[in-house]
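Take a look at the structure set out below.
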Amino acid sequence: MKVDAHIRALEAQGAGLAAAAAAAGPEAEVPTCPGWRVRDLLAHAGGVHRWAASYVEGRRTSPWTTEEEARFFHLRNDQDPVDWYTRSLRELINTLRDAAPDTACWSFLPSPTPLAFWARRQAHEAAIHRVDAERAASHDSPQYDPAFASDGLDELICGFQGRGRGRLRADPPRTMTIAATDHDRGWTVHIGPDRRTGALGAATDADLTVSGTASDLYLLLWNRGDEARVVLDGDRDLLDMWRGKAVVT
């Protein structure tokens, strides 16, 4: 997906998130994020949008400290959280659209350019948190376009999980393959005792193969989906390990 396509997806998914949050109300519990209410969800999602925009707009080449980041997430009690989120979203969209293609700034996953990274990351940030808002409103989860969902799986498996950080470890090593049935795409995660790697391509000898539509796989591996909607072939405990330990922070 190109930068413009990611920005359009960000705009659509962010609007869906805001609409679902408005339907749920600020005090509704968010079942996919235990301990959060919709106000907390909007403070987080809007803050992440503002945080991302600050790197692109300011061409900042080093990460903010935890203390410096706090200002992006400050939603006052007297502010309407849906309005605050919507303005955060619009600020980010305008920043990405106005940025030069060769804008140099800090980013944290491999990408053709920092601008491409931020447009992609924020599109999927909005898409996944839209699920949280929809669930808070007692709505069904959205079904995503196969190309967009596959792009999100690329980012999750080859990007986030490819960093090798986190608690997802296995000794002896294990392999999990993810196969989209509606898009010509497959991925394999190799989980070892010291690190893990994620890559494009389906392994034929994986310990577990998870098959389904790209949308259902996207939601499942971001811990927003139901395993009843996919087909599991092999060691099902490996999926439980993923869902318990493959946490992105």
Percentage relative contact order, the chain, counting C-alpha pairs under 8 Å, at least six apart: 19 percent
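How big, on average over all directions, is the shadow cast by the Cα convex hull of the chain, in nm²? If you can, show how the numbers build up before the last one.
Working: hull surface 52.5 nm².
Mean projected area for the chain: 13.1 nm², to one decimal.
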Calculated FRET efficiency for the pair Val248/Asp4, C-beta based, R₀ 22 Å, to 0.05: 0.30
Accessible-area composition of region 176-220, carbon plus sulfur, in percent [1.4 Å probe]: 47 percent
Accessible area of region 33-162 belonging to carbon and sulfur atoms, whole % at 1.4 Å probe: 49 percent
10 Å Cβ shell holding at most 16 others, DSSP loop, trypsin sites (Lys or Arg not before Pro): longest site-free stretch of the chain: 77-164
Theoretical gain in end-to-end length, Ala116 to Ala199 [0.36 nm per residue, Cα-Cα removed]: 27.9 nm
Restricting region 26-97 to GluC sites (Glu not before Pro) in coil, as DSSP defines it, with at most 13 other Cβ within 10 Å: Glu27
Accessible surface, per residue, of the chain when the full set of protein chains is kept, probe 1.4 Å, Å²: 46 Å²
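The values are calculated or read from the model by the stated rules, or taken from the named source; none is laboratory data. Predicted model, so just to flag it, every value in this text is computed and none were measured. Note that each Cβ is placed from the backbone with ideal geometry, even for glycine, and that neighbours are counted across all protein chains shown. When the accessible area is computed, the model is the full protein with side chains, heavy atoms only, and any ligands, DNA or RNA have been set aside. Shrake-Rupley method; radii C 1.70, N 1.55, O 1.52, S 1.80 Å.
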